[in-house]
1. Given 25 °C and 0.890 mPa s, compute D for segment 103-148 with the Stokes-Einstein relation, Rh being the Kirkwood radius over Cα pairs; round to the nearest whole µm²/s.
2. Compute log10 of I(q)/I(0) for segment 255-332 with the Debye formula, placing one identical point scatterer on every Cα and leaving out solvent, at q = 0.11, 0.20, 0.22, 0.27 Å⁻¹, to two decimals.
3. Holding the Cα-Cα limit at 26 Å, pick out from K286/K321; K274/K372; K17/K129; K159/K363 the pairs that are longer than that.
4. Which of the trypsin sites (Lys or Arg not before Pro) found in segment 258-298 are loop residues per DSSP with 14 or fewer other Cβ atoms within 10 Å of their Cβ?
5. At a 10 Å Cβ-Cβ cut-off, how would you order M130, M155, M167, fewest neighbours first?
6. Given K113/K173; K9/K79; K9/K357, which pairs have Cα atoms separated by over 28 Å?
7. Provide the gained length on full extension for the span D282 to A314, in nm with one decimal, where the gain is 0.36 nm per separating residue minus the Cα-Cα distance.
8. So for segment 7-188, what are the equivalent ellipsoid semi-axes in whole Å, largest first, each being the square root of 5 times an eigenvalue of the Cα gyration tensor?
Amino acid sequence: MSHAPFVMKLAFYPPTKQNRQRNVCHVRYIATRPGADRGELEPEKEDPGTAAGHVKYAGERPGSHGLFGPEEGVTPDLKATQEELKNHKGIVWRAVLSLREDDALRLGYTTRKAWETMLRATVAEAAAKMGIREENLRWVAAFHTAQGHPHVHLMWWEKKPARTRGMLSEGEKRDLRRVFVREIYAEERSMLLAEKTAIRDLIRETARQDVLHLAREIKQARLEIRALEGGEPGIAPVLNPAGEQELVNRLSGLAANLPGHGRAALAYMPDEVKARTREIADWILKQPGFSQSAGRYQELARQIASHYTLKPEALDEAARKAYEDIRDRVAQVVLRGAAAINRLEREIEFSEKQEAKQIQAEKCRIANSVWKAAWRALERERTRAEAQAQLLAERDLERRRRRAREEGREMGML
């Protein structure tokens, strides 16, 4: 199978007044534009204890922007980074590193965490290819969850400007590309080698078997695993600012009606809360991208049910139950987000404008996490259903072939 190449676009900006301002604007753009991944919702860690502690916590963690840098767990200060770039007297380099979505899915690069890990393992080495020592290196990056081509924007510069040539030679470009490609494809190369060895050993052990039969067994085993566990979800549709605010408003409205105690589990909620939670889940499942995947999930439920009955009312019932099942899975994600907002609003006193901004940023981060988690829940079930439907179809085809062979033998005996 041919793979789309890893894409690396490079640019450099000498320290003119205009370029410094462009760099200031660019770092804000990559950090805050729609689709910039601002971090995941972790409700079990969202209890700093006091209102003051929560304000500090909300201001320090990802939420208001999507920047990350060389230190794990340390979120770069956006304003401080802009101020540094505004006054920087040296060259600033920018890069966009991208994979096609199907390649990113296969390689495990559909999440911010994966790109963070990759860049922390490679940026210092890549800069060294340009003659920039690690102790003199500054860099920030942001992951954008664009459907079709997940990518990171990377900016780097020297603390004390030493390099005077911005343009990279062809050799330097090749060296940088090799550093990133080696890390991105490292796990796949290792897995392919292990799989190749395992399959080779299996073929040796079963050398007398039909190789095509063996290939079918391997394919079936993979399908069965996928039918049980589902496949890795692709990139979630972009949540635009209007949609983000709508989701924040809906979650806040739900949060105001939650019980003040107990676990955030849909099954234990009052009927009114269940209804409002499911209403938000319905809204999410009607959004672009979600609606197509949810529709496909219902079609697959019909297809699977058709192996057991052809009654239209039974097929409609299978599709309805499939939708209700996935809606309640999404509703549980929604409830988790509303509970996080509920805690936030109980713990913070709205006394200062700065605090209100931080609270809004935290609410937006929660909304984005709900959006992505809902997408993962939907896609996991859809890919599992795809594999189940394929397994049933192949088993049905094998039964028909076997029956045809048996009938052929019987005809030959007459």
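Just so it is clear, none of the values below were taken in a lab; they were calculated from the coordinates. This is a predicted model, so every value here is computed, not measured. Neighbour counts are summed over all protein chains in view; Cβ atoms, including those assigned to glycine, are modelled from backbone coordinates with ideal geometry.
1. 205 µm²/s
2. Values returned for q = 0.11, 0.20, 0.22, 0.27 Å⁻¹ are -0.37, -0.87, -0.95, -1.16.
3. Pairs exceeding the cut-off: K17/K129; K159/K363.
4. Listed in order of number, the matching sites are R263, K286.
5. With the sparsest Cβ surroundings first, the list reads M167, M130, M155.
6. From the list (K113/K173; K9/K79; K9/K357), the Cα-Cα distance tops 28 Å for K9/K357.
7. Between D282 and A314, full extension yields an extra 9.2 nm.
8. Semi-axes (√(5λ), whole Å): 27, 22, 14.
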